[in-house]
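The values are calculated or read from the model by the stated rules, or taken from the named source; none is laboratory data. Note that this is a predicted model, so its numbers are computed, not measured. In this analysis, Cβ positions are derived from the backbone assuming ideal geometry, glycine residues included, and neighbour counts consider all displayed protein chains. Accessible surface is based on the protein model in full, side chains and every heavy atom, while ligands, DNA and RNA are left aside. Shrake-Rupley method; radii C 1.70, N 1.55, O 1.52, S 1.80 Å.
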Amino acid sequence: MMVTNKKITVSKTVLMILLILYLLIMVFPMLYLVSASFMSEQDLSQIPARFLPSSPKFDNYVTAFTRQPLVHYVLNSFCQSILAVLLCLVVGCLASYALVRTQIRGKRLFLLFVLAISLLPTITIINPIYKMYSSLHLLNSLVGLAVISSVMDLPMTIWFLTAAFKTIPQSFEESAEIEGASLSQIMTKIYVPLLRGSLFSIGILDFISAWNKYLLSQVLNPFEKARTVVVGLTLYQLEISIPFEVVSAASIITILPLFILVLVFQKNILGGLLEGGIKG
């Protein structure tokens, strides 16, 4: 018995050490980015490297806002991400309902096909997307970017919501039909409230994904009017150098909305993911 307890203790210790190492590897780049945003150019160019600023420099954040219209880019990213999430959730709900509640042959094969599409690298399909958007006059449009972002994230949304719909007994819908409820009423008054956690969780994930769509934004929205913040970060480079201290400050501003979003709603995200993963 003592040997078994020792083995368990050693296993837990090793697992804890590996977990701490993993967290350090994941967290260190973020901590260094925060530190670099307060460093001077001299601090960043020192050898060996400095990990803390000699004296905090807040001018980097002022420069990040004055050198590029960063607020405009952040608002563009926010608008297109919100619209992409709404499109993704509406279409994803309807598609998932059809897959779960209707008798369609080859539903599992369709789900596997949808998942396979989501694995395609964006670079392999960006050329036909650009040609299609050019012919439809959707280039440099936040709506156009939101549509293609939602299409790219739709497979994950359908896959996740299909599992969530399976957790709801069909008797709820049958009772509502007996009472004379229409399909739209069933969706809005029964399924949406019951799937609130799952919808919220996948919505947050879709928002983060849409926010970080760099290649699509760079190719489809290259002009300042509809440029997103992830593309705007690449414009701080000077002719002969890259001001890493300013880029670090701009990067912190870029990821701050996502960080706050996840920090505030982390319980909802985890709860919704567990709720949707009960029946996969």
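Laid out as a table, the results:
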quantity	calculated
Separation between Cα centres of the stretch 171-229 and the stretch 30-75, rounded to whole Å	36
Accessible solvent surface per residue of the stretch 16-91, calculated while the other protein chains remain in place, 1.4 angstrom probe, Å²	66
Estimated distance in nm for a label pair at VAL62 and SER175, the labels positioned 7 Å out from Cα along Cα-to-Cβ	6.4
Förster-model FRET efficiency, 25 Å R0, GLN103 and LYS189, C-beta, rounded to 0.05	0.55
Calculated from backbone phi, Karplus (6.51, -1.76, 1.60) coupling profile of the stretch 35-49 in Hz, x at Gly/Pro	5, 5, 5, 10, 8, 8, 4, 5, 4, 6, 8, 6, 10, x, 5
Along each principal axis, Cα extent of the chain, largest first, Å	73, 73, 33
Most positive-pole-ward Cα, PRO243, LEU109, ILE190, against dipole of the chain from beta carbon charges	LEU109
Pairwise label distance in nanometres, VAL262 with LEU18, each label 7 Å out on the Cα-Cβ vector	2.2
Separation in nanometres of the label points that stand 7 Å from Cα toward Cβ, at ILE255 and VAL34	1.1
Within the accessible area of the stretch 186-264 (1.4 Å probe), percent carbon and sulfur	71
Summed residue charge, Cβ within 15 Å of ASP206's Cβ, Lys/Arg positive, Asp/Glu negative	0
